[in-house]
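Input: a single structure, listed below in structure tokens.
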Amino acid sequence: MARVRLPLCALLLALCAGLAQTADAGKTLTLLDPKALPLDRLKPSSDEVTVAASADAAAPGLIINAAVGKDSWPGVSLKPEGKVFDLSAYGHLEAKVANLGTKNTVIALRVDNEGDWQANPWSCEQAWLKPGESAVIKVIFGHSYGQKATYPIRTNAVNNILMFSQKTDAPQVLRVEYIIAAGPAGEKPPVDPKSLRTEPVKGFLFGGGVGLDPAKQLELKGGATAKVDKAGLAIALPAAKGEQWVAIKPELYRWDLRRACEVRVVVLNSGTKPLTPSAQVFSDPGPTDPAVAAKPLAPGAQTDLVIPFMPAVPVKIKPIAADGKAPGLEPNTGTRFISDAASAVRISATHEGDAALTVVSVKALATPMALPAWVGTRPPVAGDWVPTLNDNFDGTAINAKTWNIYGPNYWDKVSHWSKDNLIVKDGLVRLRQTRQTGHHNDDPKEKESPYAGGYLDTYGKWVQRYGYFEARLKAPTAPGMWPAVWMMPDRGANVGEQWQRADTGNGGMEFDIWEHLTRWGPYRYNIAMHWDGYGDKHKSSGSPVVYVAPDKDGFIAAGLLWLPGQAVYYANGVEVLRWEDPRVSSVPENFIIDMVHGGWDNNSVDDKQLPCDFPLDYIRVWQRRDLASAVDGYQPQPKPAPKAP
């Protein structure tokens, strides 16, 4: 879903712009003409693909035949007559396609620029078609896959147009009836009403100067009535059995509450009888837990109903079943609430006879939480614990005995690690992301990329099996960032090849202690475990909706208690996820701390908001004395090669 957040005036401007674009829609440039196919400029992706003109005069076009074979993305490229297509006068590419085969398939249309392919210099859209179905695919330049903003295509330098499908177990026959360039230059996708979000003004959803339109923003149940007056939203609850409530909804499609970790509803008993009020926030995937007043509210009394996004019952993962498949979550644990897609705040009350209450205000907040005294000083459970790693990032340099500042980047392909992007100052280490071209790991022999970042791991220097692991950190806020504190197996240099040393199979596991996508806002993150490798047997479990309130300084202490057959995760001293199963890792692990671009549910990077910092205050680890092993701790390092005489 596109995450467009527009006030109402901006929405009207966007609709007006759409009308202006419609007025220019008649201007087109034919790039693939069914009456004069440029067969000399069509290049199949492999020998398994052939092209020809349609023999059906009633359905002219280009016929693409793709045989069953090794070609993962069978297709055809349309090359320009000269060096490039100049499409700068147009806003999109459009093709009519049909599936003439016997199996369901996908047909994609892509427009390419020259450039670093790790930056994905193209725009692409696709259609899923059943046999006999046809569709018009429209690629708006600079947008891909659901018209999300992506690579900014240079429309005056398009060097390739590609039509392709996917590998299937049956021959494919596709027809492309035409390809045209159309629309005005700078064309934007139409605004999807379901993508619209209202960001609360100073956090207020209602009250604090924020009003509501009762006809559009109220939903009533069970005979309840409501009206806005000087005191707030006056709700009348008649004496009736069954469900009763009043829901306040956003003016646009959904509220964006990602900068909050709770909603506070101030209610007043404006009736003559006691009542017990409650409130709950809803989103499409699911609601928060309800907040219920601790005791009945006397007439004339007022109270705050605090609705935390963090659930009362932490996530619990099921044990692995006999079939060995990745386990799901135990029912009624964790939450499915999505804070940037809140659909309603529902207010109700239990009462006898006729009752009335007034909603004074509804406000989204990020109230700091008080942490248990043990956070940062010891593990959360009793035992004979010994500190084994305590790095407070004091001074001005990274401790080279513990940390590597260079390593691989398998994730975003556009960032390189540089020592200049690790800033140690004021008791923090900051992993800084900048728009800065350079070589990976500051090595001129390695790949060059357009973004620089900081990186830390303890691979080959420090490992531990079991214990309590805690990092105090603050989430970055620039769009498109993907920071993480995680752990991977390290069996040591003598076990064989690299894949064997770091294999997440054979007892090993990836632990994602804190994994964050900045689109979620600073108080939501992902916890996951991955095992059985990353191939066909790969399995994982966890939760991408872990919420936590910050401490007084805006930081989060993310912890993992790892014991034999048990992994329990903590956020600012509160248990948030638990898994008990023999498959929990039994292999020593090393730390990895990084920040790259992307992720599975993120927005695009905005260079204007760089540089961006991911700060960490400390990394602390303890080991229970009876679980300690010879492999724990600092690893012997190879002696430096003797200097030449």
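The values are calculated or read from the model by the stated rules, or taken from the named source; none is laboratory data. Computed from a predicted structure; not experimentally measured. Glycine also receives a Cβ, built like all others from the backbone with ideal geometry; neighbour counts cover every protein chain displayed.
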State the number of residues belonging to region 380-412 that are over 20 Å from Ala484 (Cα atoms), touching a residue at least 24 places away in the same chain (Cβ under 8 Å) and part of a loop (DSSP other than H, G, I, E, B). 9
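Of these, Gly232, Gly209, Gly223, Gly242, which one is of a type outside the set (Phe, Trp, Tyr), surrounded by 14 or more Cβ atoms within 10 Å (Cβ to Cβ) and more than 25 Å from Ser195 (Cα to Cα)?
Gly232
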For region 267-290, name all the residues that are in a strand (DSSP E or B) and crowded, with 20+ Cβ neighbours inside 10 Å. Val267, Leu268, Asn269, Leu275, Pro277, Ala279, Gln280, Val281, Ser283
Restricted to region 49-87 and to residues being charged (D, E, K, R) and within 37 Å of the chain's Cα centre (by Cα), the residue nearest to Tyr178 (Cα to Cα) is Lys79
Within region 330-357, the residues that are surrounded by 20 or more Cβ atoms within 10 Å (Cβ to Cβ) and over 20 Å from the mean Cα position of the chain (by Cα) are Ala344, Val345, Arg346, Ile347, Ser348, Ala349, His351, Ala355, Ala356, Leu357
Matching option when the condition is within 30 Å of Lys249 (Cα to Cα) and surrounded by fewer than 19 Cβ atoms within 10 Å (Cβ to Cβ), among Pro387, Pro368, Pro444: Pro368
Return yes or no: is Trp499 assigned by TED's automatic domain parsing to the domain that holds Pro582, among the hydrophobic types (A, V, I, L, M, F, W, C) and in a helix (DSSP H, G or I)? yes
Out of (1) of a type in the set (Gly, Ala, Ser); (2) closer than 30 Å to Lys537 by Cβ; (3) buried (at least 20 other Cβ atoms within 10 Å of the Cβ); (4) free of Cβ contacts under 8 Å to residues at least 60 places away in the same chain, the odd one out for Gly505 is which? (3)
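In the list Gly300, Gly324, which residue meets the criterion of being among the small types (Gly, Ala, Ser), within 36 Å of the chain's Cα centre (by Cα) and in a loop (DSSP other than H, G, I, E, B)? Outline the logic, then answer.
Values: Gly300 fails: within 36 Å of the chain's Cα centre (by Cα).
It is Gly324.
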Counting only residues that are free of Cβ contacts under 8 Å to residues at least 60 places away in the same chain and in a strand (DSSP E or B), which one in region 37-85 is nearest to Thr105 (Cα to Cα)? Val49
Where residues in region 110-157 are in contact with a Cys (Cβ under 7 Å, 6 or more places away or on another chain) and either modelled with pLDDT under 95 or among the hydrophobic types (A, V, I, L, M, F, W, C) (or both), which of them is farthest from Leu31 (Cα to Cα)? Tyr145
Considering each of Ser629, Ser585 in turn, give the residue that is among the hydroxyl-bearing types (Ser, Thr, Tyr) and at pLDDT 95 or above. Ser585
Out of all the residues in region 115-126, is one or more of a type in the set (A, V, I, L, M, F, W, C) and farther than 30 Å from Thr437 by Cα? no
So the check is Cβ under 8 Å with 6+ separation or different chains; which pairs have a first residue in region 343-354 that's farther than 17 Å from Glu251 by Cβ and in contact (Cβ under 8 Å) with a residue 12 or more places away in the chain and a second one that's of a type in the set (Val, Ile, Thr) and surrounded by fewer than 20 Cβ atoms within 10 Å (Cβ to Cβ)? Ala349/Thr276; Thr350/Thr276; His351/Thr276
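Considering only region 191-214, how many residues are under 29 Å from the mean Cα position of the chain (by Cα) and of a type outside the set (S, T, N, Q)?
Total satisfying the criteria: 14.
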Count, please, the residues in region 311-321 that happen to be crowded, with 17+ Cβ neighbours inside 10 Å and assigned to a loop (DSSP other than H, G, I, E, B). 3
Of Pro38, Pro44, Pro60, which residue is surrounded by 14 or more Cβ atoms within 10 Å (Cβ to Cβ) and touching a Pro at 6+ places or on another chain (Cβ under 6 Å)? Pro60
Of everything in region 507-546, what is over 19 Å from Asp457 (Cβ atoms), in a strand (DSSP E or B) and of a type in the set (A, V, I, L, M, F, W, C)? Give them in sequence order. Ile527, Trp531, Val545, Val546
So for region 227-247 (the condition being among the polar types (S, T, N, Q), in the same structural domain as Val360 (by TED's automatic domain parsing) and touching a strand residue (DSSP E or B) at 6+ places or on another chain (Cβ under 9 Å)), does at least one residue qualify? yes
